[in-house]
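Enquirer: Submitted below is the structure of interest, expressed as structure tokens.
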Amino acid sequence: MSETVEAMIQLDRVTRSFGDTLAVDDISFHVGAGEVLGFIGPNGAGKTTSMRILSTLDTPTSGEAWVDGFSVVDDPDRVRRRMGWMPDGFGTYPNINCEEYLDFFARSYGLRGKNRLRAIRNVMGFTQLNQLSKKPISGLSKGMKQRLCLGRALIHNPKVLILDEPAAGLDPRARIELREMILELANEGKSLLISSHILSELAEVCDRVAIIEKGKLLAIGSVDSLLNKGSEDSQEEKLVQLEVKFISEPSEAVRWFDARNDAELISSTENSIVFNYAACHKRQSKFLAELVSSKVEIYEFSEKQTSLEDVFLSVTRGEVQ
Amino acid sequence: MTEQKSAIEKIRLSGGAADSAASLDFEVSKLDNFLDPLSDWFSSILIKEARQAVKSRQFVWTYVLQLVLVAAWTAIGFATLTSQLGTGLLLGYFVILGFPLAVIIPFSGYRSLAREFDDGTIRLISITTMKPRQIILGKFGSALIQLVLYLSVLAPCISFTYLLEGISIWAIVVGLLISIGGSIFLTIFGLFLAGSFRSRNLGVGVSVVFSIALGFAYFLWIVFCFETYDGMFRGFGNEKYLIATGFTFSVGSTALLLLASVVAQISFPSDNRSTLLRVMMLLQQMLFFGWFCQLLCQEPFYRDVPKVILMITGHYWLLMGFLMCGESSNLSRRVRRSLPGTLAGRIFLSLFMPGSGRGFLFAMANVWAAFLFVMLLVVFENFLFDWTNQTRSRFGTNIYASEAEIPGMIISSLFVSWYLSLVFLFNRFLWRRISRKFEPGYGPVISLFFGVVLVAMVSVGSFLIEAFLSNYGLRSSLAWAFNWYRVSFEDFSSLTSVFFVAFVIQAVMVLMFAVFLASRDFLVVAVETPERVLIERQPTKTNRLPVGESIDEIFGELPAAPRRDDEA
């Protein structure tokens, strides 16, 4: 329970079912203060359902969830004061402009008088919507609308932000601007839970990443640890993907790899071979020495860089049925 | 301040028309700044809705159309109406006013909430610190503002007719009260529909049906105006007064109940959705009793009053009881925090808390309270009549009639209780097993469905048994006794068949078993509120700011805007 109080977001064995469908299945994780957690998963994995539970829009069938130590089921009003949520849709109104939109939400969060005006001004400044304050929302571009929605989520300056697909449909420039804003918010000590399909984006802004599929949490950890770079310990055995380029006959190289049991061949071309190899640094060195002394004439030996996409695909591939 | 400065700059730099435009801007800005703090007293929804509504084309067109029609009717009236000019003008104004009040405002209210569901913006509002009650009242308040705006067009004209011959103040007041009251009720009903039918596809159908119904309501209003052309506006007799108060009480309390129902529908699942509804139901029942007391005082000839009271309350509590029996028995910790802690509190207040058992007992308590009320009426009839200076002879007749019907009234209440018990037991034993596959919100609907089917089956079954027995020359009055719309009051002396005795015995047993099971819900004890919540409650009572921090602490920390390349 002590962990519950310290963590800004905490899910403890949360399950949500809709009839026979299990949307979220026994998920547990936490997000600390100032931490950014990326939430990755294919469509229908349970990301939005988990976020809806945290946003006090839904209740779990079983399990508990807390925001800043307050239960989302028992104290939703207190959670709402501390949490800003940005859904995957914009959620705007016709016939009102940006300033009126933010004014409405500032009032809805109980801000009054000068405090309200100040909150609106600050948020307008942060999201750089000052010039567009009197512009009708219907006339805004997608990127601007997204900023406005981020501004709405920030209007009461919450400690926790939950962003559901914030970069979806944005052009590269708008994505960069959004990423800058997210990093800025994280630097200010806010805790962020972000779901996205654009994994490269997440890798750049997230401290940790959680991978979810079919309602189950498959992996969680820092981006480095998930990319298998977490340990610098040369004694620790880890699985790496290696690529060898050579100038000799490919059949020679394939024959050499087939003869070994410790390397798993992934792919081969006319002058290269990619394979998985699980070993510590010392064994890698020995492996390389044996390779060099073989008949295969190699001119390049490198570790293939693993991306978050690779990790995601490898983690989610058929593990949950 | 920056805007003000820029306005001043404009005044300095430009001349002529630009000067006056900038000056106007500046004045508007000053007025705006002056009025802005006052707006803090209003609901945010109300302000947002009002902003949206007055900018919408529909409002502008309706408003302008109303102006044109009023002007046209005034001109036509003066040109063509030679006799009864005042009545003719007034009726015309009411017909013009009726359209926005009966059609536009209720439909706007409906669409306003329905659109929140369609566009998903209800989620954004729900996670603010606004209470569901504030959201719904904000929507309702916005409709009232529109109502005032539409009335403002016609108010001078309607007032003017008072100066004309044949128009009394009653004519104006009654006409306005009915049109405003009707508009308010229809608006609340529209909000109720929007809250009940949230699916987009279903919403289209409901929109069409509701708009047709509103058109019909407007038609009825026109008919009402013209049919009661002569008599309606000429003050109240005793009978009209009774009808008017009865109608007002029933419509008003139903409107409140519907409003509470919409609030409950958009409340968070762990919130207490039931107490407000139950208070409204109780209020409705009390108003109903009060009105009948008034009726008895005014019109002592209505010897059927006790039966009518029991019949109406019986069916009312059947409907409400079926719904309440379907509530979830599992209380959230949030609700359990507010459970009464003392024994006395549990006895009197637990009935108002959510839960199927409590709902069942609440309905039962009200059924028997109605019975008790009727018994008191019979017993204290003497007192009532002496109080109202009625003659004793009239009164004596009533006493005999009522006393003879007492057994039938007991059976009637038992009958209603039996239905409620069966539906409660169905929910407790059968529905609970299969309900995991459904969302909790379906419980009351399924319960109501089962209750209606049960009542229909018993009615048809008793009719068939009656028909079967009559083939053998037997007569049992079963169909009479079990008829769904007329629970047994009369012919009690003939209800002595073995079937009937068997029914009474099993009904009492079923009732006792259900009450025993339901009373176990009273054993649920309150849980303590976490200390952190208690601490935080303290400052939020006086300080409306989030988390009870000072505004500097909150907004002083908002990060500066990240730099943009083009700005650099």
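Each reported figure results from applying straightforward, stated rules to the coordinates on display, with no laboratory input. All figures in this text were calculated on a predicted structure; none of them were measured in a lab. Note that we place each Cβ from the backbone using ideal geometry, even for glycine, and neighbour counts take in every protein chain shown.
Enquirer: State the extension gain, in nm to one decimal, for the chain segment bounded by residue B:467 and residue B:248, taking 0.36 nm per residue of separation less the distance between their alpha-carbons.
Expert: So the chain would gain 74.5 nm between residue B:467 and residue B:248.
Enquirer: Follow-up question, since we're still on this one. Let's see if you can work this out: charge +1 on each Lys and Arg Cβ, -1 on each Asp and Glu Cβ, no other charges. What is the dipole magnitude of region B:46-229 about its Cα centre, in debye to the nearest 20?
Expert: Dipole of region B:46-229, to the nearest 20 debye: 840 debye.
Enquirer: When the Kirkwood radius is taken over all Cα pairs of chain A, what Stokes-Einstein diffusion coefficient follows at 10 °C and 1.306 mPa s, in µm²/s?
Expert: Roughly 71 µm²/s, to the nearest whole number.
Enquirer: So if I average 1/r over every pair of distinct C-alpha atoms in region A:238-305 and take the inverse, what Kirkwood radius in Å does that give?
Expert: The answer is 11.9 Å.
Enquirer: Continuing with the same structure: Most exposed first by the Cβ proxy, i.e. fewest other Cβ within 10 Å, how do A:201, B:239 rank?
Expert: Listed from fewest to most nearby Cβ atoms, that is B:239, A:201.
Enquirer: Still on this structure: Per residue of B:325-337, what is the mean number of Cβ atoms on other protein chains within 10 angstrom of that residue's Cβ?
Expert: 1
Enquirer: A further question on this structure: Considering amide H positions built from the backbone, and no H for Pro or chain starts, which residues 5 or more places from residue A:212, or on another chain, come under 5 Å of its amide H?
Expert: Long-range HN contacts for residue A:212: A:40, A:41, A:218.
Enquirer: With +1 assigned to the C-beta of every Lys and Arg and -1 to the C-beta of every Asp and Glu, and no other charges, what is the dipole magnitude of chain A about the Cα centre in debye, to the nearest 20?
Expert: Charge dipole of chain A: 1780 debye, to the nearest 20.
Enquirer: Let me ask another. Where is the GNM fluctuation largest for chain A (alpha-carbon springs, 10 angstrom cutoff): A:17, A:195, A:222?
Expert: Of A:17, A:195, A:222, the most mobile in the Gaussian network model is A:17.
Enquirer: Assuming 1.306 mPa s and 10 °C, estimate D for region B:46-229 with Stokes-Einstein, Rh taken as the Kirkwood radius over Cα pairs, in µm²/s.
Expert: It comes out at roughly 91 µm²/s.
Enquirer: Counting partner chain Cβ atoms within 10 Å of every residue's Cβ in A:95-108, what's the average?
Expert: Rounded to a whole number, the mean comes out at 5.
Enquirer: What is the packing order of peptides B:312-322, B:191-201, B:349-359, taking the mean over residues of other C-beta atoms within 10 Å and listing the highest first?
Expert: Ranking the peptides B:312-322, B:191-201, B:349-359 by packing returns B:349-359, B:312-322, B:191-201.
Enquirer: Could you order peptides B:444-456, B:83-95 by the average number of other Cβ atoms within 10 Å of their residues, highest first?
Expert: Highest-to-lowest ranking by the protection proxy: B:83-95, B:444-456.
Enquirer: Under 4 °C and 1.567 mPa s, how fast does region A:9-77 diffuse according to Stokes-Einstein, given a Kirkwood radius computed over C-alpha pairs? Answer in µm²/s, whole number.
Expert: 106 µm²/s
Enquirer: Per residue of A:124-134, what is the mean number of Cβ atoms on other protein chains within 10 angstrom of that residue's Cβ?
Expert: Average neighbour count from other chains, rounded to a whole number: 2.
Enquirer: Got a sec? How would A:118, A:107 order by Cβ neighbour count within 10 Å, fewest to most?
Expert: A:118, A:107
Enquirer: Expressed as cubic angstrom per residue, what is the convex hull volume of the alpha carbon set of region B:102-178?
Expert: Convex hull of Cα atoms, per residue: 100 Å³.
Enquirer: For the residues A:152, B:532, A:78, what sequence is obtained by ranking on other C-beta atoms within 10 Å, fewest first?
Expert: Listing A:152, B:532, A:78 from fewest to most nearby Cβ atoms yields B:532, A:78, A:152.
Enquirer: Also: Number of Lys pairs in region A:2-223 with C-alpha atoms less than 12 angstrom apart, excluding same-chain neighbours closer than eight positions?
Expert: Going through region A:2-223 pair by pair, I get 4.
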